[in-house]
Amino acid sequence: MKTGLECVDKEECFEEMVDILVQAGHITDRATALKAIQEREAQATTGIGRGVAVPHGKHESIPRLIAALGTSSSGIEFDSLDGEPVHMVFLLLASVSEAGRHLQALAEVSRLVAIPGFCRQVVAANTRADVLAALDSEE
């Protein structure tokens, strides 16, 4: 998790988000993870609107379902469906064999971002503890 993402566009965002997972030791093959995300993004934007993006991908080198959450108060140019900048990014990566868990995670993200005020609360959070508190309150 990272509050205060430094990226300005979606390609930089993919790299910064993957780096969060690399630094945490959840991904060992950075290039493959980026490629999986970029291949999915080539199909259609994962900027779903209302300031939210959910880049995701699957690859056999990904050991299990993993996720990262990042926020940007200034916004990220993401080619979102509504044309607006993205302020909250949920990155999901999974093994090809975990398609069901991958879909469940996407559904859970969709549920969370539909909750009135949730996105605003997460983006306004200054610390990881504040973000976790927002997530916990909706579980």
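Any read-out appearing in this document is the output of simple, stated calculations on the displayed coordinates, not a laboratory observation. Quantities reported herein were computed from a predicted structural model and do not represent experimental measurements. Virtual Cβ from ideal backbone geometry, glycine too; neighbours counted across all protein chains shown.
Among the helices of the chain, none built from whole DSSP H runs has Cα atoms reaching 30 Å or more along its own axis together with a mean Kyte-Doolittle hydropathy of at least -0.5.
Placing R0 at 22 angstrom, the Cβ-Cβ distance between ILE115 and SER74 gives a FRET efficiency of 0.40 after rounding to 0.05. When the P(r) is computed for region 2-137, the part past 18 Å accounts for 51% of the Cα-Cα pairs.
Lacking any other cysteine beta-carbon closer than 4.7 Å, the following Cys residues of the chain have no compatible partner: CYS119.
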